[in-house]
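Notes to accompany the following structure.
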Amino acid sequence: METKETKVIKRRRIFDEAFKREAVALVLKGEKSLPVIADELGVNHWALREWKRRFGPAAPENSKEALELELRALRRENEHLRTQRDILKKTLGILAEPGPNGSPS
């Protein structure tokens with residue numbers, strides 16, 4: 001009895017951007033884990049992870065806004081730290097001044 005081996009050729013499925021964004025929205029909702037959602041949608045979980053990276057909250061089209069927000073926050077923090085530094089410098093200068101008897105206070 002001879003058996004013939006048949007090759008199953010899987011065609012690569014192409015998903016449109018709307019489908020990918022909907023899948024990422026399901027992942028971000030957090031009701032189910034990423035692998036479970038991937039199984040339900042019939043896609044590879046690694047593909048879904050890549051879609052999440054590309055279309056998620058830190059996606060390239062959103063990164064400009066995120067970077068601008070971060071830059072503003074860092075500038076505020078920098079100004080606050082400069083103010084604190086200046087206050088400490090003045091305090092150190094006052095403490096280092098010689099007292100009435102000629103020695104530092």
Only one of (1) more than 16 Å from the chain's Cα centre (by Cα); (2) at pLDDT below 90 does not apply to Gly42, and that is (2)
Scanning segment 4-29 residue by residue, the ones that are outside any helix (DSSP H, G or I) and either touching a residue at least 24 places away in the same chain (Cβ under 8 Å) or of a type in the set (Lys, Arg) (or both) total 7
*asked:* I'd like to check something: does segment 30-39 contain any residue that is of a type in the set (Val, Ile, Thr), part of a helix (DSSP H, G or I) and either modelled with pLDDT of 95 or more or under 21 Å from the mean Cα position of the chain (by Cα) (or both)?
replied: no
Residues of segment 55-93 being closer than 27 Å to Arg12 by Cα and at pLDDT 90 or above, in sequence order, are none
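The values are calculated or read from the model by the stated rules, or taken from the named source; none is laboratory data. Keep in mind it's a predicted model, so treat the numbers as computed, not measured. Cβ coordinates were reconstructed from backbone atoms using ideal geometry, including for glycine residues, and neighbour counts include every protein chain displayed.
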